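Student: Below: one structure in structure tokens.
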Amino acid sequence: MSEPVDVRLTVNGQPRRARCEPRKLLVDFLREDLGLTGTHAGCEHGICGACTILYNGEAARACIMFAVQADGAELVTVEGLAESSGTLHPLQQAFHEHHALQCGFCTPGMLITALDYLKINPSPSEDEIREAISAVLCRCTGYINIVKAVKAGAEAMRVAKA
Amino acid sequence: MSETRGLVGRPLLRREDRRQLTGGGQFIADLELPRMLHAAFIRSELAHARIRSVDLSQAAAAPGVALALSGADLLRPLPPVPDTQLSLPGKWTSLVQHEFHNPQQPLLAHDKVRHVGEAIAVIVAESRYAAEDAVALATVELDPLPAVVDAEAALAAGATIIHDALKTNLLGAFSVAKGDTDAVMARAPHSLQRRFHHHRYAAMPIECRGVAALHDQRTDSVTIWSATQVVHWVRREAAAILGLPEARVRCLALDVGGGFGVKGHVYPEDLLVPFLARRLGRPVRWIEDRHEHFLCSAHSRDQLHDVEVGFDDDGHILALRDDFIVDCGAWNPIGAGVPYNTAAHLTGPYKIEHLAVSARTAATNKVPNSAYRGAGRPEAVFAMERIIDMVAWSLRLEPAEVRRRNMIRADEMPYRAGIPYRDGEPIVYDSGDYPDGLAQALEAIGGVDAFRRRQRQARQAGRHLGLGIGCYVEGTGVGPFEGATVRIDPSGKVYVASGACAQGQGMETIFAQVVADCGKSLPRTFSFLSQTLPRSRSASVRSPAAARLPCRQRSTRPARGCAGKPSRSRPICWNAHRPISNCAIVGLAWSGSRGP
């Protein structure tokens with residue numbers, strides 16, 4: 001154990017600051033120190049993808065990073081997707097409408113991973129969606145509705161952009 | 001479902017989605033209680049060993065550690081209580097020849113460890129990080145014993161005994177039969193014997209297990225939050241372990257990140273954490289990490305079937321015998337549940353008049369075996385469907401046709417299976433047209449003849465195209481009732497509490513639909529909680545299959561079962577076999593009637 005250090009970063013557009021041990025995992029820091037419990041720890045070794053967040057705009061696994069590595073970074077977690085008015089992000093709405101979640105534990109990682117992929121491929125095929133979300137494990141749905149939702153969400157995002 | 005014009009049966013968007021989509025769900029690891037401590041375990045690295053010593057002195061002195069406790073330390077304040085794990089329905093025990101030993105797993109191992117990952121000691125500290133630091137400072141000396149990893153070997157003479165007091169590794173046995181299998185088998189024109197092994201499975205929900213507990217000193221009552229499928233079972237065992245009346249133990253399941261059966265029974269941690277909270281006077285939480293889950297959360301399946309079938313020239317099955325062994329691992333947390341499910345589902349949609357099934361449950365040094373998706377049923381189906389294929393091949397008949405010939409016909413409904421279900425009630429198939437179901441499935445692949453032609457063509461082209469057929473009739477949970485309390489406050493808000501726990505099935509939406517049908521409109525404000533009920537009028541009190549029960553049995557259960565007046569809860573009773581309308585129930589509830 002060593003002395004706590006300051007970590008300053010931007011999360012979901014808000015500047016945040018907290019003190020933690022240098023060994024503290026980013027996922028624990030987000031959940032315990034910043035109170036953002038939407039990011040879930042499923043495997044704690046970078047496999048299941050439930051803890052996926054956007055780190056300076058790219059998908060990253062918060063369970064295999066230290067919080068200190070995020071010092072100065074800009075993060076987006078699942079809590080940052082909906083509008084402040086409460087309106088769901090088109091991808092969240094598509095997940096809702098296509099029954100793309102059951103227990104909801106993998107859902108934050110699934111949403112962030114899909115969003116990250118849609119930035120580089122706004123109009124993916126079903127196969128491409130499957131490949132992209134293979135980074136996140138879901139034990140409930142069998143993925144079919146998730147694939148449908150990502151496809152529908154991508155379309156809604158394209159329409160919103162147009 | 002098409003039976004009502006109400007909300008039940010209509011596809012609705014789920015009420016639980018918004019919180020889960022926005023990061024607002026509350027799983028056990030999200031629960032923060034004031035002054036909460038965190039537990040971590042020291043676990044066995046050996047499958048079978050005698051515990052020579054456990055030295056926690058350094059661990060106890062580590063920064064932030066509130067308590068370090070070994071199994072031996074725990075024996076004094078918490079002597080082992082008589083078996084609370086095994087609960088066999090009375091009616092079943094009177095009908096099925098059986099014998100079960102059920103060694104009670106200590107909350108921490110104190111004499112021996114019997115599987116890898118079994119907990120030997122616990123550390124409670126100010127943070128999980130501090131607790132894990134202290135775990136690394138513990139010293140455990142184990143004297144290895146031979147490990148038994150094969151169920152047949154476990155039952156052989158001279159096998160190493162896992163539970164010394166029992167002097168046997170045979171933890172349970174039962175047999176169930178109908179007709180005269182011996183005689184019919186002996187005179188059947190053909191017979192076959194085959195052995196089938198169904199390997200182990202692990203459920204692996206994305207959320208691991210976890211439990212938190214809070215003790216209220218003033219009332220000496222305990223609240224337990226567990227990522228469990230069985231809140232009533234947790235309460236019952238916790239009350240027994242703590243020596244508290246059930247009324248002073250409450251158990252809640254928050255959002256649970258998948259269950260699949262692995263969270264469908266009570267684990268030692270479910271009981272130890274409340275004990276620690278009471279002893280320390282501070283809330284305690286333990287969140288299983290994935291490493292622990294891999295190591296020691298329950299597995300399932302692992303059955304060895306020796307099947308014998310007698311049949312005629314046309315492939316009609318005349319008699320069936322199945323002697324199977326369940327490798328239950330070191331402990332048998334759900335008793336007869338899994339093997340009896342296997343026995344009760346063996347014949348599935350087939351009419352088999354002479355049947356003899358016997359099951360043995362063997363202790364080995366593997367991780368305990370409990371439920372996983374189907375909880376014994378898929379093993380039965382696998383054995384049955386394989387043997388049907390073999391009957392067909394031996395007679396050079398089409399496997400689909402042999403299935404059809406053996407199926408219970410629609411005009412034979414209701415069909416009495418001739419053996420009891422696991423609640424002891426006779427199994428009666430009330431309706432169904434299995435041959436038609438099979439025909440529809442075969443039609444969906446273009447007909448079996450056409451498929452066989454394709455298969456032959458593919459084979460000529462060097463491709464092996466397979467056709468597997470599996471037929472399945474499932475009895476779901478036990479019942480035939482499910483309880484809930486429904487309260488309506490003066491503002492019109494409806495509160496439903498049920499022991500049926502959701503792990504993604506959408507029960508909040510389902511129960512809202514049911515309640516809405518009572519009131520004929522979807523309540524504007526509605527609150528659902530999976531928790532123990534003040535009075536345990538719930539199938540989930542007993543049933544580890546709670547995951548499925550309310551959805552598959554009939555979603556109208558809470559309305560039909562126990563509704564209440566707004567001012568005081570007054571359960572009404574009903575007969576599940578006499579359907580009454582939801583509106584009638586509302587009337588009954590409000591008039592305080594006892595129901596039909």
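Student: Out of A:ALA82, A:ALA156, I need the residue that is within 13 Å of the chain's Cα centre (by Cα), open to solvent by 20 Å² or more (accessible area, probe 1.4 Å), small (Gly, Ala, Ser) and at pLDDT 95 or above. Which one?
Tutor: Of the residues listed, the single one that is within 13 Å of the chain's Cα centre (by Cα), open to solvent by 20 Å² or more (accessible area, probe 1.4 Å), small (Gly, Ala, Ser) and at pLDDT 95 or above is A:ALA82.
Student: Same structure, new question: Would you check which residues across region B:143-172 are of a type in the set (A, V, I, L, M) and surrounded by fewer than 16 Cβ atoms within 10 Å (Cβ to Cβ) and list them? I'd like the intermediate steps shown before the answer.
Tutor: So the first thing to find is which residues in region B:143-172 are of a type in the set (A, V, I, L, M), and the list is B:145, B:147-149, B:151, B:153-157, B:159, B:161-162, B:165-166, B:170-171.
Selection gives B:VAL149, B:ALA153, B:ALA156, B:ALA157, B:ILE161, B:ALA165, B:LEU166.
Student: Please name all residue pairs, on different chains or six or more residues apart, with Cβ atoms under 6 Å, provided the first residue is in region A:10-31 and is among the charged types (D, E, K, R) and the second residue is part of a strand (DSSP E or B) and surrounded by fewer than 21 Cβ atoms within 10 Å (Cβ to Cβ).
Tutor: Short answer, once both residue conditions are applied: A:ARG17/A:ARG8; A:ARG19/A:ASP6.
Student: Another one. Considering only region B:296-303, I want to know if a residue exists there that is in contact (Cβ under 8 Å) with a residue 24 or more places away in the chain and within 26 Å of B:GLN440 (Cα to Cα).
Tutor: no
Residues are listed down the side, and each one gets a yes or a no for (1) in a strand (DSSP E or B); (2) buried (at least 21 other Cβ atoms within 10 Å of the Cβ); (3) in contact with a strand residue (DSSP E or B) (Cβ under 9 Å, 6 or more places away or on another chain):
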residue	(1), (2), (3)
B:PHE174	yes, yes, yes
B:SER191	yes, no, yes
B:TYR201	yes, no, yes
B:VAL211	yes, yes, yes
B:ARG218	no, no, no
B:ILE224	yes, yes, yes
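Student: Looking at B:ALA109, B:ALA125, B:ALA47, which is the one that is over 17 Å from B:ASN332 (Cβ atoms) and over 22 Å from the mean Cα position of the chain (by Cα)?
Tutor: Matching residue, one of B:ALA109, B:ALA125, B:ALA47: B:ALA125.
Student: Go through region B:273-300 and give me each residue that's touching a Lys or Arg at 6+ places or on another chain (Cβ under 6 Å) and open to solvent by 10 Å² or more (accessible area, probe 1.4 Å).
Tutor: Across region B:273-300, the qualifying residues are B:ARG282, B:HIS299.
Student: From the list A:GLY35, A:GLY42, exactly one residue is within 14 Å of another protein chain (Cβ to nearest Cβ), in a loop (DSSP other than H, G, I, E, B), of a type outside the set (A, V, I, L, M) and buried (at least 24 other Cβ atoms within 10 Å of the Cβ). Which is it?
Tutor: Criteria check complete, one pass: A:GLY42.
Student: Then there's this: Contact list please: Cβ distance under 9 Å, first residue in region B:14-33 and of a type in the set (Ser, Thr, Tyr), second residue surrounded by fewer than 23 Cβ atoms within 10 Å (Cβ to Cβ) and assigned to a helix (DSSP H, G or I), pairs at least six apart or on different chains.
Tutor: Partner pairs satisfying both residue conditions: B:THR22/A:GLU79.
Table: residues versus (1) part of a loop (DSSP other than H, G, I, E, B); (2) touching a strand residue (DSSP E or B) at 6+ places or on another chain (Cβ under 7 Å); (3) more than 9 Å from every other protein chain (Cβ to nearest Cβ).
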| residue | (1), (2), (3) |
| --- | --- |
| A:SER85 | yes, no, yes |
| A:GLN92 | no, no, no |
| A:GLY104 | yes, yes, no |
| A:MET110 | no, no, yes |
| A:ARG130 | no, no, yes |
| A:CYS140 | yes, no, no |
| A:VAL150 | no, no, yes |
| A:GLU155 | no, no, yes |
| A:ALA160 | no, no, yes |
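Student: Further, regarding this structure: Which condition number does B:ARG10 fail, the rest of (1) at pLDDT 95 or above; (2) of a type in the set (D, E, K, R); (3) within 30 Å of A:HIS99 (Cβ to Cβ) being met?
Tutor: Failed condition: (1).
Student: Can you tell me how many residues within region B:8-40 are open to solvent by 20 Å² or more (accessible area, probe 1.4 Å), touching a helix residue (DSSP H, G or I) at 6+ places or on another chain (Cβ under 7 Å) and either assigned to a loop (DSSP other than H, G, I, E, B) or more than 14 Å from chain A (Cβ to nearest Cβ) (or both)?
Tutor: 5
Student: To continue, here is another question. Collect the residues in region B:114-167 that are basic (Lys, Arg) and at positive phi, keeping them in residue-number order.
Tutor: Kept after step one, since they are basic (Lys, Arg), are these residues of region B:114-167: B:114, B:128, B:167.
If the condition is that a residue be basic (Lys, Arg) and at positive phi, then B:LYS167 is the only one that fits.
Student: In this structure, is A:ALA60 buried (at least 24 other Cβ atoms within 10 Å of the Cβ), at pLDDT 95 or above and of a type in the set (A, V, I, L, M)? It would help to see each step written out before you state the result.
Tutor: Numbers: buried (at least 24 other Cβ atoms within 10 Å of the Cβ): no; at pLDDT 95 or above: yes; of a type in the set (A, V, I, L, M): yes.
Answer is no for this residue.
Student: Further, regarding this structure: Look through B:VAL486, B:VAL496 and report the one residue that is surrounded by 16 or more Cβ atoms within 10 Å (Cβ to Cβ), touching a Gly at 6+ places or on another chain (Cβ under 6 Å), in a strand (DSSP E or B) and among the aliphatic types (A, V, I, L, M).
Tutor: Details: B:VAL496 fails: touching a Gly at 6+ places or on another chain (Cβ under 6 Å).
It is B:VAL486.
Student: It is to be established whether one or more residues within region B:426-436 are open to solvent by 40 Å² or more (accessible area, probe 1.4 Å), of a type in the set (S, T, N, Q), farther than 18 Å from B:CYS471 by Cβ and assigned by TED's automatic domain parsing to the domain that holds B:VAL307.
Tutor: No.
The values are calculated or read from the model by the stated rules, or taken from the named source; none is laboratory data. Not measured: the values here are computed from a predicted model. Every residue, glycine among them, receives a Cβ derived from its backbone with ideal geometry; neighbour counts consider all protein chains shown. Each accessible area value is taken on the protein alone, full model and side chains, heavy atoms only, with ligands, DNA and RNA left out. Shrake-Rupley method; radii C 1.70, N 1.55, O 1.52, S 1.80 Å.
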